[in-house]
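What follows is a single structure, written as structure tokens, with notes after it.
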Amino acid sequence: MELSNKIAVITGAGSGIGRASSLKLASDGATVVVVDFNKETGEETLKLVKEQGGEGIFIQADVSKTEDVQNYVNKAVETYGRIDIFFNNAGVIQKFAPFTEVEESEFDRIMSVNVKGIFLGMKYVLKVMEAQGFGSVINTASTAGVRAEHSVAVYSASKHAVVALTKGAALEYAKKGIRINALCPGGVETALTASVTEQFEKGGYIPEELPNMRMGRYAAPKELAEMVAYLASEKASYMTGSIVLVDGGLTL
Ligand code: ADP
């Protein structure tokens, strides 16, 4: 299998893209270290991994806290000896709001998870990968990381920062056997958006953004997981510093 004997650490693995990627990487042969601050959903992901014959552990962590990040990195290395793949994915979305009405606390919340969390994850994982001399890192950015999106300027700023951190780190590690890329999803189906898509398909309520979904639907998390598995694998051996859109044409 493509990822046999690989050790993958996945943050934000309790739902959405993180969960789908845990299942995909495990089905491709990787052992998964499931990281999330939500214990219930993280443990559920690990259970699903095991149900399909995969292996792994769950570690509860808040990716915006240094001690928690050091803890998940150390535990992964203590348990499995190395980290081959790091899917640096945990993130939060902004409440839609006019620019001047965004609270300072909301700015801090978005930045601490989406920017500091991504930075801390790479800071500690790259030390491990540098000592090994190999590794693949995938950071979750967004279409909002490469363009403006309405009423979420702070989220967009945080995702532009993820893109910049990806490029900067990729430049430093290109000669060290470590590839670092960013994934940019557009709209991804969640319990909430699934019902929106359904209504759209039935010709009912059309939310403002859905007509911009060129394919008339959101992505299933699995469709992002396919790209994560590709970037993690040797198939992507010449890709580093790439900002990869998987957005169903949203940015056209
Ligand atoms: P997406 O649809 O983009 O995958 P979700 O909101 O479904 O987004 O998933 C994000 C995941 O990240 C959730 O499982 C959530 O619990 C997790 N998460 C959010 N903030 C943190 C954090 N500070 N530390 C660890 N995990 C987090």
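Tabulated results
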| quantity | calculated |
| --- | --- |
| Diffusion coefficient, µm² s⁻¹, Stokes-Einstein with Kirkwood Rh over alpha-carbon pairs of the range 1-101 at 25 °C and 0.890 mPa s | 179 |
| Hits among lysines - C-alpha to C-alpha of LYS167 under 18 Å, sequence gap 8 or more where chains match | LYS116, LYS123, LYS127, LYS159, LYS175, LYS176 |
| Long pairs among LYS95/LYS202; LYS39/LYS75; LYS47/LYS75; LYS6/LYS47, criterion Cα-Cα beyond 21 Å | LYS95/LYS202 |
| The chain - percent of accessible surface contributed by carbon and sulfur, probe 1.4 Å | 55 |
| Förster radius 30 Å - calculated FRET efficiency between ARG214 and MET239 (Cβ-Cβ, nearest 0.05) | 0.75 |
| Additional length obtainable on full extension of the chain from GLU130 to GLU43, 0.36 nm per residue less Cα span | 28.3 nm |
| FRET efficiency for LYS123 and GLU223, using Cβ-Cβ distance with R0 set to 30 Å, rounded to 0.05 | 0.50 |
| Kirkwood Rh and Cα Rg combined as Rg over Rh, evaluated for the range 7-245 | 0.96 |
| Mean Cβ neighbour count within 10 Å, used as a protection proxy, ranking 83-96, 43-56 highest first | 83-96, 43-56 |
| Expected 222 nm ellipticity per residue - DSSP helices of 4 or more, -39500 (n - 2.57), all of the chain, to 500 | -13500 deg cm²/dmol |
| Charge dipole (debye, nearest 20) of the chain; +1 at Cβ of Lys and Arg, -1 at Cβ of Asp and Glu | 720 |
| Rough spin-label spacing in nm, given labels placed 7 Å along Cα→Cβ, for ILE57 and GLU106 | 3.9 |
| Accessible area of the range 7-245 divided out per residue, in Å², using a probe of 1.4 angstrom | 48 |
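The values are calculated or read from the model by the stated rules, or taken from the named source; none is laboratory data. The shown structure was predicted, so the numbers you read here are calculated from the model rather than taken from an experiment. Note that each Cβ is placed from the backbone with ideal geometry, even for glycine, and that neighbours are counted across all protein chains shown. Note: areas computed on protein heavy atoms with side chains; ligands, DNA, RNA excluded. Shrake-Rupley method; radii C 1.70, N 1.55, O 1.52, S 1.80 Å.
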